[in-house]
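In what follows, a structure is listed as structure tokens, so that the remarks can point back to it.
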Amino acid sequence: MSTVGTWTWAQQTGGRLRRRDRAELMRQAVVAQMARVVARGGQVEGLDIEIPTPPDSALARLAEERARELSSPALYAHCLRTWAFSEMFAARERVGHDGELLYVACMLHDLGLTSAHDRLDATAHCFAVEGARAAHGLMVAHGEPEDRARAVGEAIALHLNVTVPAGMGVEAYLMSKGVSLDTIGRRLHQLPMRSVGAVGDRWQRDGFTEELVSLTSRQAELRPQSRSAFLHRLGFAGMLRANPLDR
């Protein structure tokens, strides 16, 4: 299994891509594109999935407060939609997971795009790595065990990969699916449209796509050896703007 995006990889490289990392991400992109072509042809049928309820814990509240305080309204709403979609995928696939860790990871996954964590870590060469370290530090300071803090940090560090298999952590796997649905509409056909629409009605997308294009384009320029830069060279901005959720 490739190590690109993992917590260990992030600590070793700071998020700077090596040649073999680029090759792995390109492989993931090709497989994902092939899967999108095969999947064309209609929305999933079945019962709607209700919008989930956030976990009621001190840690969950801390994560929500930190995301709300540091993020723009558009980025904050994206974090909530990402969590809701991630939980919906879990319900659809009947995937057992830690709901608190998934919520915390989703709420904090874009810390590296906020001004509070904008290149403050001189050893981080990727915004996802910087955000992962910040989230890990927040959990440790809150008294969470290292394994739980690392699970959240790893999910955040991995979220810029094209695909995250369940073997890399079930919370990371679910969040990756939620992130990619909200940003580029990937796997939209796997959830009931009324459920997806209910999430968009609750946390609206106003201004989100262009803000994310701007933020990640800036990261690509500032950190040319990062996954953000690699994805933009593959046409990420165009994929963001083509998201069917914005139509």
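Derivation of every value follows stated rules applied to the coordinates shown; laboratory data play no part. Keep in mind that what you see is a predicted model, and the values were worked out from it rather than measured. Neighbour counts are summed over all protein chains in view; Cβ atoms, including those assigned to glycine, are modelled from backbone coordinates with ideal geometry.
Some points to look at:
- Spin-label proximity, residue 22 to segment 148-185 - amide N less than 13 Å from point 7 Å beyond Cα toward beta carbon: none
- Exposure proxy shown here: for 97, 159, the number of other Cβ atoms within 10 Å sets the order, fewest to most, as 97, 159.
- Ranked 70, 240, criterion: other C-beta atoms within 10 Å, fewest first: 70, 240
- Mean-square fluctuations from a GNM of the chain, with a 10 angstrom spring cutoff on Cα atoms, peak among 37, 170, 179 at 37.
- Take the Cα of residue 189, go 7 Å toward its beta carbon, and the backbone nitrogen atoms of segment 160-175 under 19 Å from that spot belong to 163.
- Cα→Cβ-extended label distance, 7 Å offset, between residue 3 and residue 218, nm: 3.3 nm
- Kirkwood Rh in Å, taken over all unlike Cα pairs in segment 128-247: 15.6 Å
- The overall shape of segment 28-118 is oblate: from the C-alpha gyration tensor, with semi-axes ordered a ≥ b ≥ c, the ratio a/c is 1.5 or greater and a/b is no larger than b/c.
- Other residues lying with their Cβ under 15 Å from the Cβ of residue 211 contribute a combined charge of -2, Lys and Arg counting +1, Asp and Glu -1.
- Proxy reagent accessibility, fewest Cβ within 10 Å first, across 144, 171: 144, 171
- Maximal additional length on extending the residue 122-residue 53 stretch stands at 21.1 nm, based on 0.36 nm per residue less the C-alpha distance.
- Helical runs (DSSP H, four residues minimum) scored at -39500 (n - 2.57) apiece and divided by the length of the chain put the mean residue ellipticity at 222 nm at -19500 deg cm²/dmol.
- Relative contact order for the chain: 27 percent, from Cα pairs under 8 Å spaced at least 6 residues apart, divided by residue count.
- Distance distribution P(r), the chain, all Cα-Cα pairs, bin width 5 angstrom from 0: 1, 7, 14, 20, 22, 18, 12, 5, 1, 0 percent.
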